[in-house]
Amino acid sequence: MHRDIVYDVPQDCVNLGTSPRCQIQGFYRPKQLLTVQGHPEFDAFIMDQLVASRYKQKIFDDKLYSDAKPRVELPHDGVLVGGAICRFLRDCQGA
C-alpha cells in the first residue's frame, strides 16, 4: 500500500510471512520484538476509503487502483494477528 519494503530480517529474528510483493511481512524475536508490514486493524471499509483516496490524490494510477480495489474485500487474518499481538505483549510483561 505504501510501497515500503523490508529487505532483511535482523539477526536472531524470524520472518513471519511472505507475499509476492514483499518477502518479509513482519518479524519476531521472542519477548523482545514483533513487527508486521500490514495493518491488521484495517477493515474493508477503511481499506476501500484508503484506496479511493490515494487514487483521487493521484498517488495510485489506474493500474494500481484497478489491482487494489477488488482486493479490499478479501478475507484477512486481522483478528488472528491482533490476538498474537496481545499474547506477545502479555508475554513481554514477564520478561
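The values are calculated or read from the model by the stated rules, or taken from the named source; none is laboratory data. Treat the numbers as computed from the prediction; the structure is a model and nothing was measured. Counting neighbours? That spans all protein chains shown, and the Cβs are built from the backbone with ideal geometry, glycine included. Side chains are part of the model used for accessible areas, which takes the heavy atoms of the whole protein and leaves out ligands, DNA and RNA. Shrake-Rupley method; radii C 1.70, N 1.55, O 1.52, S 1.80 Å.
If a residue must be of a type in the set (Val, Ile, Thr) and farther than 20 Å from Ala84 by Cα, how many such residues does region 2-32 contain? The number of residues fulfilling the criteria is 2.
Of the helices (runs of 4 or more DSSP H) entirely within region 10-95, those holding at least 3 residues that are open to solvent by less than 60 Å² (accessible area, probe 1.4 Å) and small (Gly, Ala, Ser) occupy 44-56, 78-93.
Of all residues in region 26-53, those satisfying the criterion of being charged (D, E, K, R) and touching a residue at least 40 places away in the same chain (Cβ under 8 Å) are Lys31, Glu41. Among all residues of region 5-25, there is at least one that is in contact (Cβ under 8 Å) with a residue 24 or more places away in the chain and either touching a helix residue (DSSP H, G or I) at 6+ places or on another chain (Cβ under 7 Å) or aliphatic (A, V, I, L, M) (or both).
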